[in-house]
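Engineer: Got a structure for you, questions after.
All of the numbers you see were taken from the coordinates with simple rules; none came from a lab. A quick note: this is a predicted structure, and the numbers were derived from the prediction, not measured. Neighbour counts are summed over all protein chains in view; Cβ atoms, including those assigned to glycine, are modelled from backbone coordinates with ideal geometry.
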Amino acid sequence: MLETLRSYLKKLNEGLAKLDMTRKIILGVVAGVVVIALVFVGSMSSDQGKVVLYKGLESKDFAAVSSKLQELGFNFTTNGTEAIFVRPEDRERALMSLAQEDLIPKGVPSWELFDTDKWSETQFEKDVKKQRALMGALSRTLATLRGVDRAQVNIAFPPDELFEDKSESVTAAVLLQYAPGVENLTRKEIEGIVTLVSRSVPGLKKENVSVAGPDGEILNDFDNEIDKEKWELKQVSEKLKIQEKERIKLLTDIQKSLVYSYGEGTYGDRFDIVRLDLKMRWDKEEIERHEVEPVVMTPDDPKTPYSERVVKDSLEVSSKTTTEQFEGNGFTPEGPAGTEPNIPPGYKDRDYQKAKYTKKEDIKNNEFNKTHRLIKKQPWELETVNLSVILDGRWERLGENEDTGGYNRKYFPVTDEELQRVTDLLKKAVGFDIARGDQISVRHLQKDRSRQFDEEDDDLRRQRTIRRLLMATLITLLVLALVSLIYQAIKKEIERRRRLREEELAAQQQMMREAALRAIEEEGVEVEMSLEERARREMLENAINLAKERPEDVAHLLRTWLAEE
């Protein structure tokens, strides 16, 4: 390892020795810049490792704390005049040193104001302390939110009035400072802040809470007309999208149901959905029901074809029976002792007569089968469905018409039974409910197919014309082929006859020449022949000899010559 390092240093010295003075200066400057950059990056990274000592300081507290830290020799950095950062290992020691010097910055007061109680404190001072504590608690709570760096809450409690119509409402103002990297808050977050503040202060309503941003802009001003109209239009647009989505879904189901029977064949488009109107109810409803039902003593067995269900109107849970009887002399109550009773003279004779009293009381407490239901309907439900469908009859082709060149067709209209079947099918497809006011109309209407029939007839005529042209072309080609064959046969026959005549003439000439030669030989006269005649004579003699020796080969050769010609 050491030898390798020495070799690298030796190579580096040799390379530097070869450089001129200018290049050495440039290289030294570059090395110095790199060293300075590394030192700067190291210092920055060390600063980034520091933690917050205090944040959100007032200018007076910042000056006192920073001066004391510098005097005590602590290594710290600042962010403007609001925050002070120290190294993590120095934080506790710095806090202790500042506490000993009584330089702990005052924070936002909260409910700790009530930790000490003064016997001379008046009710007014207690109310002010409560107001300060409440504002401080809310400021601290809002500062813990993710997008909020600091918050300041001011609450105004109006004085109590004797008459309610003259009393003023409690109001609150919230000033927010966004966290670093946050430009604004969402509407949901702002509404949450308003709800939090209004529910923390007794008697404070949401409409009396104002939330402002760092620039003083009111953030919870959602009730202006433009935003309200945009919000309403957005809601209407979303509702229409949902309604159209449900309508297309229902339309697709209806088309699938009709295509099976009316979407195929020669004239497949035999149906048309004229109108499909879907209306939805967007009202939110909550229904609370208290239902009383009979008590089932014996449930029904679903396995049997008859019902074993036994019910009672109610069940007796408690009863009370009271019987009273009295028999003996009656008496009439009189007034105080020493006074005359207020009894008419005629009733005094009947007093102390024999009396009989009977009382019977029978009380029974019965319990019914009660059901309590709280039904919350969904945000939307189908209100009405209006569907209109027309059906076309069926056309059949009965062959081709020779006079017009088109097809003969016959129309079969849609029967009433078929219309009823389609109506029942569509009712099941759309979930028809007559109580809801749904309407479905299925009618037979013959579709005008004149243009379609004209195109089919024109296509048939074109096919006929093409077939005729093909037949004429085929016949012409056959005739031309036949004429060509006849011409070739006639030509061959003429050639054959010409050749036969030439052979016959040549044979006659040859016979005449041979006869003359024989005559000359018999007379002993020497005749001089040309070389051509001698060659022809030798060839003829060779052919005669070959024919005599191999007649089959000569016949085959002659047939080959004739076939080639």
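Engineer: Rounded to the nearest Å, what's the spacing between the alpha carbon centres of the range 474-495 and the range 164-197? Just the number, please.
Structural biologist: Answer, in whole Å: 110.
Engineer: Next up: Which length gain, in nm to one decimal place, applies between K548 and K320 when the Cα-Cα distance is subtracted from 0.36 nm times their residue separation?
Structural biologist: Answer, rounded to one decimal: 66.3 nm.
Engineer: Which FRET efficiency value, to the nearest 0.05, do you get for Q255 and M280 by plugging their Cβ-Cβ distance into 1/(1 + (r/R0)^6) with R0 = 25 Å?
Structural biologist: Given R0 = 25 Å and the Cβ-Cβ separation, E is 0.75.
Engineer: Another question about this same structure. Using 1/(1 + (r/R0)^6) with R0 = 35 angstrom and r between the beta carbons of Q243 and Y306, what's the FRET efficiency to the nearest 0.05?
Structural biologist: So, using R0 = 35 Å, E works out to roughly 0.15.
Engineer: I've got another one for you. In a solvent-free Debye calculation with one equal scatterer on each Cα, what is log10 I(q)/I(0) for the range 172-221 at q = 0.23, 0.24, 0.32 Å⁻¹, listed in the order of the q values?
Structural biologist: Cα-only, vacuum Debye calculation for the range 172-221: -0.82, -0.89, -1.33.
Engineer: Still on this structure, I have one more. What FRET efficiency comes out for S67 versus L233 if R0 is 60 angstrom and r is the Cβ-Cβ distance? Round to the nearest 0.05.
Structural biologist: 0.50
Engineer: Got a sec? Which residues in the range 447-464 would a label at A472 touch, if it sits 7 Å along Cα→Cβ and we count backbone N under 20 Å?
Structural biologist: 458-464, by backbone N distance to the label point.
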